[in-house]
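S.K.: Here it is, the structure in full.
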Amino acid sequence: MEPTESFHQRRLVSNLVVENFKSSSDSDVKHTLFWQFRRRDTEFCAYIRRLLQNPLLNSVMISIISLNAVFLGLETDYAIKLNSYAYLELADLIIISIYTTEILLKFYVDPLNYWRSGYNLFDVLLLLIAYLPYTIDKNDIKHYRTWNIINGFQALKILKLISYNRGMRSLITALGQTVKTVIYVLVLLFLLMFIFAILGYGLYGDPETGDSKNWGNLASALFTLFCLVTVDGWTDFQDELDQYGFSASRAFTIVFILLGFFLFFNMSIGVVIMNIQDSTQNYERELKAEKQAALQAKKQAILQRQQEEVNMLIHQQIWLRVKPEMPKHSERS
């Protein structure tokens with residue numbers, strides 16, 4: 001009986017150990033992994049983090065990006081590009097090296113969370129685009145066209161300004177939130193255009209007596225309706241229908257413009273404006289909260305300093321009271 005009882009006891013203990021291990025929280029596991037793989041250059045890492053968060057560095061990067069935009073604009077002038085090609089090439093290499101250094105520093109500070117930020121991924125993509133022209137031999141006639149197209153995409157590097165401007169980031173966030181709603185509106189608009197395109201093809205697309213140029217097939221009818229929904233030259237299309245004797249087509253045009261332009265088109269614009277307004281209000285509230293937090297921190301620092309000064313004065317007064325009594329005690333002793 002004793003071996004059996006000891007076996008059951010060992011099994012019970014092992015089950016309890018397994019249950020305790022399974023019930024351990026993820027935070028404890030992460031904490032253990034952190035201490036197992038903790039960094040040994042914490043001071044230098046903290047210094048680089050403070051450097052990257054310095055507002056002066058952000059101003060310098062904004063100036064460099066703006067200077068890069070100026071250089072890209074100068075390269076569009078053939079005379080300037082011919083006379084200052086070497087200087088522009090050197091400036092481009094310096095700017096790319098600065099971008100690379102910035103990305104490497106951010107990756108060094110937090111290599112795991114770096115890839116979780118969409119702006120960091122976008123910066124890496126822009127850096128890869130910046131290096132692409134140097135992978136193609138532009139002196140080769142076969143590859144010159146490809147090099148010229150890729151070199152045109154260098155203008156995308158200016159979009160790095162988004163990651164340094166908080167207002168732009170809030171605007172991009174608002175636009176991202178409106179994509180889903182705007183897609184629904186555009187789908188409804190396309191369905192409306194598809195219905196009116198089939199209807200217009202049946203009414204005005206006859207190759208002999210109708211306007212086959214604008215309504216002769218589905219593609220041309222959709223293009224005509226696209227011009228109508230943007231209210232771009234819709235009178236010209238209506239005049240052509242009038243020339244073919246379709247006087248009742250004015251009702252068709254007016255109804256489509258009312259539904260397509262004044263309803264769906266303006267609805268999509270209204271959705272974007274509402275989301276941008278909400279994002280702007282949230283941004284202003286965040287700035288106000290940050291200012292209040294900074295002000296509260298300053299007040300706390302001032303109160304703490306005053307409290308320390310009061311404590312110091314109290315200790316000095318106590319010391320002045322106790323000090324005269326010390327010789328009396330020494331005399332009595």
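The values are calculated or read from the model by the stated rules, or taken from the named source; none is laboratory data. Every value quoted in this text rests on a predicted model; they were computed, and no experiment measured them. Reconstructed Cβ throughout: ideal geometry from the backbone, glycine too, with neighbour counts over all protein chains shown. We work out accessible area using only protein heavy atoms, side chains counted, and drop any ligands, DNA or RNA first. Shrake-Rupley method; radii C 1.70, N 1.55, O 1.52, S 1.80 Å.
S.K.: Somewhere in region 98-105, is a residue out of contact with any strand residue (DSSP E or B) (no Cβ under 6 Å at 6 or more places or on another chain), touching a residue at least 60 places away in the same chain (Cβ under 8 Å) and farther than 21 Å from residue 66 by Cβ? If you could, list the steps in order and put the result at the bottom.
M.R.: Initially, region 98-105 is screened for residues out of contact with any strand residue (DSSP E or B) (no Cβ under 6 Å at 6 or more places or on another chain), giving 98-105.
Then keep just the ones that are touching a residue at least 60 places away in the same chain (Cβ under 8 Å); that gives 99.
Still in the list and also farther than 21 Å from residue 66 by Cβ: none.
No, that holds for no residue.
S.K.: Oh, and also: Which of the residues spanning region 278-292 are open to solvent by 70 Å² or more (accessible area, probe 1.4 Å), under 21 Å from the mean Cα position of the chain (by Cα) and free of Cβ contacts under 8 Å to residues at least 24 places away in the same chain?
M.R.: Within region 278-292, 281, 284, 285, 286, 290 qualify.
S.K.: Among the residues of region 145-155, is there at least one that is under 18 Å from residue 97 (Cβ atoms), open to solvent by 70 Å² or more (accessible area, probe 1.4 Å) and not in a loop (DSSP other than H, G, I, E, B)?
M.R.: no
S.K.: Taking only pairs six or more apart or across chains, which ones have beta-carbon atoms under 9 Å, a first residue in region 265-277 that is among the aromatic types (Phe, Trp, Tyr), and a second residue that is assigned to a helix (DSSP H, G or I) and open to solvent by less than 50 Å² (accessible area, probe 1.4 Å)?
M.R.: Pairs that qualify, where the first residue is among the aromatic types (Phe, Trp, Tyr) and the partner is assigned to a helix (DSSP H, G or I) and open to solvent by less than 50 Å² (accessible area, probe 1.4 Å), are 265/185; 265/189; 265/229.
S.K.: When you go through (1) without any contact (Cβ under 8 Å) to a residue 60 or more places away in the chain; (2) assigned to a helix (DSSP H, G or I) one by one for residue 138, which number turns out not to apply?
M.R.: Here residue 138 clears every test but (2).
S.K.: Now for a different question. With respect to residue 119, determine if the residue is touching a residue at least 60 places away in the same chain (Cβ under 8 Å) and under 26 Å from residue 60 (Cα atoms).
M.R.: On the way: touching a residue at least 60 places away in the same chain (Cβ under 8 Å): no; under 26 Å from residue 60 (Cα atoms): yes.
Criteria not met by residue 119.
S.K.: Return yes or no: is residue 163 at pLDDT below 90, under 29 Å from residue 47 (Cα atoms), among the polar types (S, T, N, Q) and not in a loop (DSSP other than H, G, I, E, B)?
M.R.: On the way: at pLDDT below 90: yes; under 29 Å from residue 47 (Cα atoms): yes; among the polar types (S, T, N, Q): yes; not in a loop (DSSP other than H, G, I, E, B): yes.
Yes.
S.K.: Anything in region 123-137 that is open to solvent by less than 70 Å² (accessible area, probe 1.4 Å) and either closer than 24 Å to residue 67 by Cβ or of a type in the set (Asp, Glu) (or both)? List them, or say none. Break it down stepwise before answering.
M.R.: Here is the first cut: in region 123-137, the residues open to solvent by less than 70 Å² (accessible area, probe 1.4 Å) are 123-124, 126-127, 129-130, 133, 136.
Across region 123-137, the qualifying residues are 123, 124, 126, 127, 129, 130, 133.
S.K.: Got at least one residue in region 156-164 being free of Cβ contacts under 8 Å to residues at least 40 places away in the same chain and under 17 Å from residue 66 (Cα atoms)?
M.R.: Our first condition is that a residue be free of Cβ contacts under 8 Å to residues at least 40 places away in the same chain; within region 156-164, this holds for 156, 159.
Within this subset, residues satisfying the condition of being under 17 Å from residue 66 (Cα atoms) are 156, 159.
Within region 156-164, one or more residues are free of Cβ contacts under 8 Å to residues at least 40 places away in the same chain and under 17 Å from residue 66 (Cα atoms).
S.K.: Name the residue, out of 221, 251, that is small (Gly, Ala, Ser), modelled with pLDDT of 85 or more and touching a helix residue (DSSP H, G or I) at 6+ places or on another chain (Cβ under 7 Å). Please lay out each step first, then the result.
M.R.: Details: 251 fails: touching a helix residue (DSSP H, G or I) at 6+ places or on another chain (Cβ under 7 Å).
On inspection, the qualifying residue turns out to be 221.
S.K.: Of all residues in region 107-122 being in contact with a helix residue (DSSP H, G or I) (Cβ under 6 Å, 6 or more places away or on another chain) and under 22 Å from residue 168 (Cβ atoms), which is most open to solvent (accessible area, probe 1.4 Å)?
M.R.: Residues of region 107-122 that are in contact with a helix residue (DSSP H, G or I) (Cβ under 6 Å, 6 or more places away or on another chain), as a first pass: 107, 109, 114, 119-120.
Cutting the leftovers down to under 22 Å from residue 168 (Cβ atoms) gives us 114, 119-120.
Numbers: 114: 8, 119: 72, 120: 24 Å².
Taking the candidates together, the pick is 119.
S.K.: In region 197-253, which residue that is of a type in the set (S, T, N, Q) and open to solvent by less than 10 Å² (accessible area, probe 1.4 Å) is farthest from residue 268 (Cα to Cα)?
M.R.: Among them, the one singled out is 249.
S.K.: Considering each residue of region 254-273, count those that are open to solvent by 70 Å² or more (accessible area, probe 1.4 Å) and within 19 Å of the chain's Cα centre (by Cα), and give that number.
M.R.: Result for region 254-273: 1.
S.K.: Give me the residue from region 49-98 that is open to solvent by less than 80 Å² (accessible area, probe 1.4 Å), part of a loop (DSSP other than H, G, I, E, B) and not small (Gly, Ala, Ser) and, out of that set, farthest from residue 165 (Cα to Cα).
M.R.: If we take residues in region 49-98 being open to solvent by less than 80 Å² (accessible area, probe 1.4 Å), part of a loop (DSSP other than H, G, I, E, B) and not small (Gly, Ala, Ser), then 77 is farthest from residue 165 (Cα to Cα).
S.K.: Same structure, new question: Six or more apart or on different chains, Cβ atoms under 8 Å: show the pairs whose first residue is in region 174-189 and farther than 9 Å from residue 268 by Cβ and open to solvent by less than 30 Å² (accessible area, probe 1.4 Å) and whose second is modelled with pLDDT under 80 and charged (D, E, K, R).
M.R.: Taking only residues 6 or more apart or on different chains, the pairs are 174/278.
S.K.: Do you know which residues across region 222-261 are among the aromatic types (Phe, Trp, Tyr), over 22 Å from residue 187 (Cβ atoms) and not in a loop (DSSP other than H, G, I, E, B)? Quick ask: steps written out before the conclusion?
M.R.: Start the filter on region 222-261 by keeping residues that are among the aromatic types (Phe, Trp, Tyr), which leaves 223, 226, 234, 237, 244, 246, 252, 256, 261.
Now narrow it down to the ones that are over 22 Å from residue 187 (Cβ atoms): 234, 237, 244, 246, 252.
Matches in region 222-261: 234, 237, 252.
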